[in-house]
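Here's the structure, in structure tokens; my notes come after.
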Amino acid sequence: MPAEVLPQGAGYGVVVGIGLFFSAFMVCLTAIQARYTGVSPKNSEEFTSASRSVKPGLIASGIVSAWTWAATLLQSSAVGYRYGISGPWWYAAGATVQVLLFAQLAAKLKLNAPYAHTWLEIVGARWGTAAHLIFMFFGLATNLIVSSMLVLGGSATVTDLTGMSTIAACFLIPLGVAIYVVVGGMRSTLLCDYTHTTVLFAIILTFAFTVYATSGYIGSISHMHYLLSEASAVTPVAGNAQGSYLTLRSENGLIFGIINLIGNFATVFQDQAYWQRAIASRPATTVKAYLIGGIAWFAIPFAFSTTLGLAAVALSAVPAPLSPTQIPTASDFIPLLPPLSQADISEGLPASVAAATLLGQSGAAAILVLLFLAVTSATSAELIAVSSILTYDVYVRYINPQATEQQILRMSHAGVVIFALVMGLAGVIFYYIGVSMGWLYTFMGVILGSAVVPIALCITWSKASRAGCVGGAVIGFVAGIAAWLGVTAGCNAGVINVTTSGGNYEMLAGNLASIGVGGIVAVAASLIWPENYDFATTRAINLPASHQNAPHEAEDSDDEKKAQASSASSVSNEAAEIENELDPVGLKKAFRFAAWSSVIMTVIFMILIPLPLFGASTIYTVSGFTAWVVIGIGWTFCSAFAVVLYPLWESREALTMIGRGILKDIFANGSGKYVLPSTTKKEVSA
């Protein structure tokens, strides 16, 4: 691919222009919500958790958006380019099961800490300050690594396609997102994520039909099969059955799948962004939202990398167009797309070069917009997640326990801006030291995996031991680092650097040691020295009564009280329903459903489908490969229905209310504005 397919201005136009567009869109959306539904992010509870009343379709869409990183699109295509069809499967399956299994934690959250703002509040309430600080390290490290991957992947592709300054991209991407997160809060951010997800699915399907139906270079599934077979003969894949790109018998693909599985447990279970969506969801539908979101998300990396990751391989088997005076000979074969370097692959460039080669500037522009939407969606989730931790686990817990409503809200806004700057700075640091998105992706489980099991035990198991879980997290962390560095030195004659430490076996050792030692220590210590915890203190976190009559509310101004009353009254009818949904019997039933359904789907994704095909060393024929591609595209359509159309259906009453209000305002200005119910007015005045 020629460097800088698009002009530099296109990079700044997308990063700055689309960022400002969504900021303006968020301002309008927030104003519409406040005017026609009474919901306003001027209330801290609404800003951080959307009053815990969001329906499952929108939560599922938000999960898909938060889990669609730059790595989702770029790294999945990179492993497809490296390992063939096994790469897309192991990426998608290895990063789906965590969201499915998280449904169990979401159910337990509603049962054992229904009013918590962060998962760290639960740790602090159960195990005290020392444990709170130790696990805060793992939580913030998770957010920092995830955010760095977003910035690195996004800036690398923007620079490659447009020549835009990498440093500028590292800072402009998160700062642009910070503007609309500060304006809109959690609920409006979810709505903005919904629009991102809608466009994302549209572009992915466009690429799929271009590659498999209309492209002059590929144009059909059968021709893609032929080109992949040719590429397998010329550049066979080490560790694959017969060196083929068309088999799940891939040793390196399997190793990547294990690394992917372990590393992503850390980035889901320890990332406040996923807890934030569980907190924001209605109790009765939390499990449903996570199961829908997980299954819907699978289609994004699977279909995208099966399309563009494999297209990058196929294009290496297509001869470059000859000049009018050139006479072709068998020995003069020049591929349309020359092989990419390992550095290019690690930066996640196969997708962008394939798109630019197939569609020229329009393909490059589409991948640029697609990537920017994915990066900004996930970035918005990380910004509001870290803002919640800085607000409730640092500011309120340690600095100002008597903070007023407005002080909490100001800290929430400041937290978004602070972490946006930290994201940009971290991206620049990693860029200058030569750490790529692909390296970070496989490394994250090494330093984060040890806390996965302890955190899960904290929220779900009454007998979990404080000493065992804290010790497991720390000891597992040390074991993971030691195993990673030890295997790196052993496999590379004692040479340890960014290049040697990024190999599959080195990362596999560190990931396994971290999560394995951490889990074993936590479980063993809890069985030997069990606690008998009843979760009473976690259920008491932020009880509504402790807020409503707090003395410091008298300090708020009349305007602030009206804003809070309006926000509270807009969901007053839902409040009683939500309280009823916190019935322990129903939540325990939801947990059991989450447990068996998520475990069954995990077994299907990770064992029943891939391992028999791996053992059989099956190399797909045209018909088998056709079924593989058609299933991926069909799954993408079903996912789009689930997270694009379903949220519209479940929000039909709110949309009708807004539409009716707008029409009233058109014909009689002011008549469409939301009015507090008379009963609520009396309660407020009282």
Where residues in the range 660-686 are in a loop (DSSP other than H, G, I, E, B) and modelled with pLDDT of 65 or more, which of them is surrounded by the fewest Cβ atoms within 10 Å (Cβ to Cβ)? G670
Go through A141, A178, A156 for me and flag whichever is at pLDDT 90 or above, part of a helix (DSSP H, G or I) and out of contact with any strand residue (DSSP E or B) (no Cβ under 8 Å at 6 or more places or on another chain). A141
Looking for whichever is surrounded by fewer than 17 Cβ atoms within 10 Å (Cβ to Cβ), under 20 Å from G294 (Cβ atoms) and more than 20 Å from the chain's Cα centre (by Cα) here; the options are I600, I633. Which one fits? I600
Name, by its number, the condition in (1) in a helix (DSSP H, G or I); (2) over 27 Å from F256 (Cβ atoms); (3) not charged (D, E, K, R) that does not hold for I481. (2)
So is G632 of a type in the set (G, A, S) and at pLDDT 90 or above or not? yes
Taking the options A374, A354, name whichever one is of a type outside the set (S, T, N, Q) and either at pLDDT below 90 or in contact with a strand residue (DSSP E or B) (Cβ under 7 Å, 6 or more places away or on another chain) (or both). A374
Sole miss for F137 among (1) over 26 Å from C192 (Cβ atoms); (2) of a type outside the set (V, I, T); (3) in contact (Cβ under 8 Å) with a residue 60 or more places away in the chain is condition (3)
Suppose we filter I496, I520, I515 for residues that are at pLDDT 90 or above, under 26 Å from F256 (Cα atoms) and surrounded by fewer than 17 Cβ atoms within 10 Å (Cβ to Cβ); which single one remains? I520
Scan of the range 448-469 for residues that are surrounded by 23 or more Cβ atoms within 10 Å (Cβ to Cβ) and either assigned to a helix (DSSP H, G or I) or acidic (D, E) (or both), ordered by number: L448, G449, S450, A451, V452, V453, P454, I455, C458, I459, G468, C469
So T37 ticks every box in (1) modelled with pLDDT under 85; (2) under 16 Å from the mean Cα position of the chain (by Cα); (3) under 29 Å from E405 (Cα atoms); (4) of a type outside the set (A, V, I, L, M, F, W, C) but one. Which box is left unticked? (2)
Would you say T235 is modelled with pLDDT under 90, surrounded by 22 or more Cβ atoms within 10 Å (Cβ to Cβ) and not acidic (D, E)? no
Looking at the structure I just gave you, is G128 in contact (Cβ under 8 Å) with a residue 40 or more places away in the chain, surrounded by fewer than 24 Cβ atoms within 10 Å (Cβ to Cβ) and touching a helix residue (DSSP H, G or I) at 6+ places or on another chain (Cβ under 8 Å)? yes
Please work out which residue is surrounded by the fewest Cβ atoms within 10 Å (Cβ to Cβ), limiting yourself to the range 391-409 and to residues that are in a helix (DSSP H, G or I) and of a type in the set (S, T, Y). Y398
Quick one: which residue in S388, S412 is small (G, A, S), within 30 Å of V521 (Cβ to Cβ) and crowded, with 24+ Cβ neighbours inside 10 Å? S388
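Per-residue answers, yes or no, for (1) among the charged types (D, E, K, R); (2) closer than 30 Å to V630 by Cβ; (3) buried (at least 24 other Cβ atoms within 10 Å of the Cβ):
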position	(1), (2), (3)
V146	no, no, yes
G153	no, yes, yes
G163	no, no, no
L172	no, no, no
A178	no, no, yes
Y194	no, yes, no
L205	no, yes, no
Of the residues in the range 290-337, those that are assigned to a helix (DSSP H, G or I), at pLDDT below 90 and surrounded by 14 or more Cβ atoms within 10 Å (Cβ to Cβ) come to S316, A317
Output the residues belonging to the range 274-306 that are over 22 Å from Y646 (Cα atoms) and either aliphatic (A, V, I, L, M) or out of contact with any helix residue (DSSP H, G or I) (no Cβ under 9 Å at 6 or more places or on another chain) (or both). none
Going through the range 596-619 in order, the residues found to be in a loop (DSSP other than H, G, I, E, B) and farther than 11 Å from R249 by Cα are I609
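The values are calculated or read from the model by the stated rules, or taken from the named source; none is laboratory data. These figures come from a predicted structure and were not determined experimentally. With ideal geometry, Cβ positions are generated from the backbone for all residues, glycine too; neighbour counts draw on all protein chains shown.
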